[in-house]
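Chemist: Mind looking over this structure? Questions follow.
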Amino acid sequence: MKNIFRLILLLSACSAIFMACDKNEQPVGDGKNTGEVNNAAIERVIYYTVDDRENLRTLKTESEWDEMLDQLCDQARSGSEITFYNSNRPTCIKSCQKSAATDDNTISTTSREEMKKWMKEMEKQGLTVCVSYDENSGTWHGKAYATAPAKNTLGNIVGTWNFKFLVCSLFDYDGNLQHSDLYEPEEGGGSMYYTFSADGTLTLEIHGMDSTTATDKSKWTLSDDGVLSSELLPGGTSWNVSWTTPGTMILSRSVHGTEEGDYYYQLHFESVVNNR
């Protein structure tokens, strides 16, 4: 009986995640706040690191975005390594499929304005952007990618993560955003935790209402190009690691050519540092 109950709870939680994407009841504008989607004015939710310090800013205007890029360039010019990712830019559903190794996704220039222009273009494509500055040569260096290489993420992934929310966005065949839906496990009174162990074991722990709990275990793998796979992840499939730090992990994937159009999914996790 205990095993049957555990299985039912697991299946119910995972089914609810993807049913939320089909109901179209909660359009969202920034990945967390509900509200009508406006294609003409997409709010930016920027995760960024200055060296190893993670920060988050929400920007509502182009002038705020331009000002932030200047600040990031100043910090890079002072010797810091800069990385940023707009978690509210799902328009990369087609463009971000390009390999991060292509010339289009790297730059070396002595022009600050050229560097800023490139940063803006990479952000439009939904890519994660890394920027540094070589003081000896006066050269800016930039690299952007749709999935973070495993060498940059493996150390961050190992640990316990609280699954915070899923965003599901639908695009028509012309690439126009139709709507976005939000699913938050904790809104329904439950919570989900994933523990990625260094030996390749993944443990899923689900807390339901009335203090009910269920756990399951499987394996997880991370490819060299940053694709995280496990049957216990929502959808039971592979996800691109778009952003990962010791505190935050964002996974994404896209599904093309459905009857409705193209779907883009994001999973957001927060690290659990101490015992709950």
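The values are calculated or read from the model by the stated rules, or taken from the named source; none is laboratory data. This one's a predicted model, so the numbers in the text were calculated from it and none came from an experiment. Counting neighbours? That spans all protein chains shown, and the Cβs are built from the backbone with ideal geometry, glycine included. Protein only, heavy atoms only, side chains kept; ligands, DNA and RNA dropped before computing areas. Shrake-Rupley method; radii C 1.70, N 1.55, O 1.52, S 1.80 Å.
Chemist: Could you check, for the range 243-254, whether at least one of its residues is farther than 18 Å from Y48 by Cβ, among the charged types (D, E, K, R), more than 16 Å from the chain's Cα centre (by Cα) and modelled with pLDDT under 90?
Modeler: No: zero hits.
Chemist: Given the condition acidic (D, E), open to solvent by 70 Å² or more (accessible area, probe 1.4 Å) and at pLDDT 95 or above, answer yes or no: does some residue in the range 103-114 qualify?
Modeler: Yes, the conditions are met somewhere in the range 103-114.
Chemist: Quick check on my filter: what residues within the range 66-83 are assigned to a helix (DSSP H, G or I) and touching a Leu at 6+ places or on another chain (Cβ under 7 Å)?
Modeler: M68, the sole residue that qualifies.
Chemist: Still on this structure, please answer the following. Just need a number here: residues in the range 266-276 that are more than 15 Å from N156 (Cβ to Cβ) and surrounded by fewer than 20 Cβ atoms within 10 Å (Cβ to Cβ).
Modeler: 3
Chemist: Output the number of the condition that Y48 fails; it satisfies all remaining conditions of (1) more than 19 Å from F165 (Cα to Cα); (2) open to solvent by 50 Å² or more (accessible area, probe 1.4 Å); (3) not hydrophobic (A, V, I, L, M, F, W, C).
Modeler: Tallying (1) more than 19 Å from F165 (Cα to Cα); (2) open to solvent by 50 Å² or more (accessible area, probe 1.4 Å); (3) not hydrophobic (A, V, I, L, M, F, W, C), Y48 fails exactly one: (2).
Chemist: Taking W140 as meeting all but one of (1) buried (at least 18 other Cβ atoms within 10 Å of the Cβ); (2) touching a Leu at 6+ places or on another chain (Cβ under 8 Å); (3) at pLDDT 95 or above, write down the number of the exception.
Modeler: W140 satisfies all of (1) buried (at least 18 other Cβ atoms within 10 Å of the Cβ); (2) touching a Leu at 6+ places or on another chain (Cβ under 8 Å); (3) at pLDDT 95 or above except (2).
Chemist: Could you run through the range 149-174 and say how many residues are open to solvent by 20 Å² or more (accessible area, probe 1.4 Å) and under 21 Å from Y264 (Cβ atoms)?
Modeler: Number of matching residues: 4.
Chemist: Considering only residues of the range 244-265 that are open to solvent by 10 Å² or more (accessible area, probe 1.4 Å), of a type in the set (S, T, N, Q) and in a strand (DSSP E or B), which is farthest from L182 (Cα to Cα)?
Modeler: T244
Chemist: Could you list all residues from the range 144-169 that are modelled with pLDDT of 95 or more and within 15 Å of N240 (Cβ to Cβ)?
Modeler: Residue satisfying the conditions is I157 alone.
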